[in-house]
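Structure first, commentary second.
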Amino acid sequence: MQELIKKTREYLDYVERHYNNVQKAWAELNEKCKGKGFNWLYDDFIWNNINENIKHHDESKLSRYEFVQYRQFFYPTSYEQKDKKLMEQGWAHHCENNRHHWQNWTQFYPNTVEFFIENICDWMAMGYEFGDTAQEYYEKNKDKIFLPDWAIKEMYEIFEIIYPRVSEGEK
């Protein structure tokens with residue numbers, strides 16, 4: 001029982017860090033993209049929708065359809081086998097219930113910038129946790145990520161702002 005409690009706590013700590021990192025990413029996007037001509041920053045309706053989505057980011061991870069499935073797969077006890085099928089069920093529920101995942105918004109809301117921006121915040125948050133960037137994640141996985149052309153264009157414009165390249169003279 002103690003090991004299960006410990007692993008559950010570790011997973012909850014991760015969920016909390018991820019949530020806080022998404023909030024941090026949203027703050028960073030707002031700060032760095034201000035004045036750069038992104039419509040979503042100046043349209044109160046869109047900005048407020050993004051802000052509300054960010055406040056409720058990944059709440060489904062605490063649901064009965066995902067919590068044990070994720071915990072058991074990513075934080076298994078010594079007496080558990082990772083159950084890939086159980087995890088796939090949890091992931092399917094997560095994608096269906098979180099519009100910010102590209103697998104969801106590109107299919108059902110292909111022109112909705114709100115979910116696209118939250119998607120970027122999600123990738124940024126993962127980067128904070130795992131030591132890379134949203135851009136590096138995308139570029140490593142772009143052969144499996146299918147985004148509309150407008151999203152790729154805007155995403156790279158955002159990447160240029162949040163991950164500025166060091167000029168040759170500054171190296």
Worksheet item: Each residue of the range 82-96 in order: what ³J(HN,Hα) in whole Hz does its phi give by Karplus 6.51 cos²θ - 1.76 cosθ + 1.60, θ = phi - 60°, with x for Gly and Pro?
Response: 5, 9, 4, 5, 4, 5, 4, 5, x, 5, 4, 4, 4, 4, 5
Worksheet item: Based on the Cα atoms of the range 13-113, what semi-axes does the equivalent ellipsoid have, where each is the square root of 5 times one gyration tensor eigenvalue, given in whole Å with the largest first?
Response: 31, 16, 10
Fill in: Mean shadow area of the chain over all directions, Cα convex hull, nm²
12.0
Discussion item. Can you work out the Karplus-derived ³J(HN,Hα) for every residue in the range 134-141? Use 6.51 cos²θ - 1.76 cosθ + 1.60 with θ = phi - 60°, whole Hz, and x for glycine or proline.
Written reply: 4, 5, 4, 4, 4, 5, 6, 10
Practice prompt. Tell me, rounded to the nearest percent, the portion of alpha carbon pairs in the range 77-166 spaced more than 15 Å apart.
Written response: 66
Worksheet item: Around N141, with a cut-off of 14 angstrom between Cβ atoms, what is the net charge of the other residues, counting Lys and Arg +1 and Asp and Glu -1?
Response: -2
Discussion item. What does the net charge come to around A125 if you take all other residues with beta carbon closer than 9 Å to its beta carbon, with K and R at +1 and D and E at -1?
Written reply: 0
Item to complete: Give the accessible area for F38 in Å² (nearest 10); use a 1.4 Å probe, count only protein heavy atoms, and leave out ligands, DNA and RNA.
Response: 10
Worksheet item: Under 21 Å from the Cα of K32, which lysines turn up, not counting those fewer than eight places away in the same chain?
Response: K24, K55, K153
Discussion item. Quick check: Cα centre of the range 102-170 to Cα centre of the range 23-47, how many Å?
Written reply: 15
Worksheet item: What aspartates and glutamates could a cross-link reach from K84, if we take a straight Cα to Cα line under 15 Å and drop same-chain neighbours fewer than 8 places away?
Response: E66
Item to complete: Among Y138, Y70, Y79, determine the one that fluctuates most according to a GNM of the chain built with springs between C-alpha atoms less than 10 Å apart.
Response: Y79
Worksheet item: How large is the accessible surface per residue of the chain, computed with a 1.4 Å probe and reported in Å² as a whole number?
Response: 60
Worksheet entry | Residue among D143, D132, D58 with the largest mean-square fluctuation in a Gaussian network model of the chain, springs linking Cα atoms under 10 Å | D143
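The values are calculated or read from the model by the stated rules, or taken from the named source; none is laboratory data. Values in this document were obtained by computation on a predicted structure and should not be read as measured data. Counting neighbours? That spans all protein chains shown, and the Cβs are built from the backbone with ideal geometry, glycine included. Remember, those area values only see protein heavy atoms, side chains included, never the ligands or the DNA or RNA. Shrake-Rupley method; radii C 1.70, N 1.55, O 1.52, S 1.80 Å.
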